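Down below is the structure, laid out as structure tokens.
The values are calculated or read from the model by the stated rules, or taken from the named source; none is laboratory data. Here the structure is a predicted model, which is why all the values come from computation and not from measurement. Every residue, glycine as well, gets a Cβ built from its backbone with ideal geometry; the counts of neighbours run over all protein chains shown. Please note that ligands, DNA and RNA were not included when accessible areas were found on the heavy atoms of the full protein model with its side chains. Shrake-Rupley method; radii C 1.70, N 1.55, O 1.52, S 1.80 Å.
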Amino acid sequence: MLLLALDTATPAVTVALHDGADVVASSSQVDARRHGELLLPAVDRVLAEAGVKLDAVTGIVVGVGPGPYTGLRVGLMTADTFGLALGVPVHGVCTLDGLAYASDIGQGPFVVATDARRKEVYWATYADSRTRLTEPAVDRPADIAERVAGLPAVGAGALLYPDTFPRAHEPEHVSAAALAGLAAEKLAAGQELSAPRPLYLRRPDAQVPKNYKVVTPK
């Protein structure tokens, strides 16, 4: 097994290789505006560090969000392209699950929250680092304050809103190493992973203007 994992659902552009037992190589850069520019060079860098070619990869793991439309689709489209080119399966993993897996909180319950912009967070609650209790959602922190009161939390969203998440911890962003480790663990146990389909949870910022006038040639 050699899994290539990547995620662009948060400001981190993160890539890792996992051989089924451990992470072979990894790279993470935080830049919310350069996902498309940074991802492929990061893949090349990780492959070079591991001393393998792309055709040695036996599976792709990609973070499916939730995340902003523009960043998230970069990773998903790249993963689909690699899967088609190599003829290997593409596995989706919830980005929040990767953050939970990388946390050192141990037994829960706890919250994972990432920055959804617009003064909102993407979030879910967990029983432990491998067990999600609720479906991913997007809300204003103040609107969920009572539901998460007293719970420890991880992620950039938790760190950004200390009034709602006073017990916030790192990691701030997801790592592809954590996604790969979680995926490898589930695959080894014979568990099915989700399809590589995006969890947008809301409409993209870019919209067709209302009352758009179509001009046709006379």
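Annotation note: of Pro68, Pro89, Pro109, the sole residue that is closer than 17 Å to Leu17 by Cα and open to solvent by 10 Å² or more (accessible area, probe 1.4 Å) is Pro89. All of (1) within 24 Å of Val30 (Cβ to Cβ); (2) more than 16 Å from the chain's Cα centre (by Cα) hold for Thr78 with one exception: (2).
May I ask you to verify whether Gly59 is open to solvent by less than 30 Å² (accessible area, probe 1.4 Å), under 19 Å from Leu96 (Cβ atoms) and at pLDDT 95 or above? No, not satisfied. Criterion first (open to solvent by less than 30 Å² (accessible area, probe 1.4 Å), of a type in the set (A, V, I, L, M, F, W, C) and free of Cβ contacts under 8 Å to residues at least 60 places away in the same chain) does Ala158 satisfy it? So Ala158 passes the test. The sole residue among Ala137, Ala142, Ala180, Ala184 that is among the aliphatic types (A, V, I, L, M), in contact with a strand residue (DSSP E or B) (Cβ under 8 Å, 6 or more places away or on another chain) and more than 27 Å from Gln29 (Cβ to Cβ) is Ala137.
Of the residues that make up the stretch 171-185, is at least one farther than 21 Å from Val74 by Cβ, at pLDDT 95 or above, open to solvent by 50 Å² or more (accessible area, probe 1.4 Å) and aliphatic (A, V, I, L, M)? Within the stretch 171-185 (the criterion being farther than 21 Å from Val74 by Cβ, at pLDDT 95 or above, open to solvent by 50 Å² or more (accessible area, probe 1.4 Å) and aliphatic (A, V, I, L, M)), the answer is no, since none of the residues qualifies.
If the condition is being surrounded by 14 or more Cβ atoms within 10 Å (Cβ to Cβ) and either modelled with pLDDT under 95 or more than 20 Å from the chain's Cα centre (by Cα) (or both), then the stretch 46-55 contributes Leu47, Ala50, Val52.
Can you spot a residue in the stretch 151-170 that is in a strand (DSSP E or B) and either in contact with a Gly (Cβ under 7 Å, 6 or more places away or on another chain) or under 15 Å from Gly63 (Cβ atoms) (or both)? There is no residue in the stretch 151-170 that is in a strand (DSSP E or B) and either in contact with a Gly (Cβ under 7 Å, 6 or more places away or on another chain) or under 15 Å from Gly63 (Cβ atoms) (or both). Kindly evaluate Ala5 against the criterion of being open to solvent by less than 10 Å² (accessible area, probe 1.4 Å) and within 18 Å of the chain's Cα centre (by Cα). Yes, satisfied. Scan the stretch 95-110 and give yes if some residue there is hydrophobic (A, V, I, L, M, F, W, C) and modelled with pLDDT under 95, otherwise no. Taking every residue of the stretch 95-110 in turn, at least one turns out to be hydrophobic (A, V, I, L, M, F, W, C) and modelled with pLDDT under 95. The condition (being of a type outside the set (Val, Ile, Thr) and more than 18 Å from Ala183 (Cβ to Cβ)) is satisfied by just one residue among Asp115, Asp128, Asp97: Asp115.
Name the residue that is nearest to Leu199 (Cα to Cα), counting only residues in the stretch 123-150 that are in a loop (DSSP other than H, G, I, E, B) and open to solvent by 30 Å² or more (accessible area, probe 1.4 Å). Per the criteria, the residue is Glu135.
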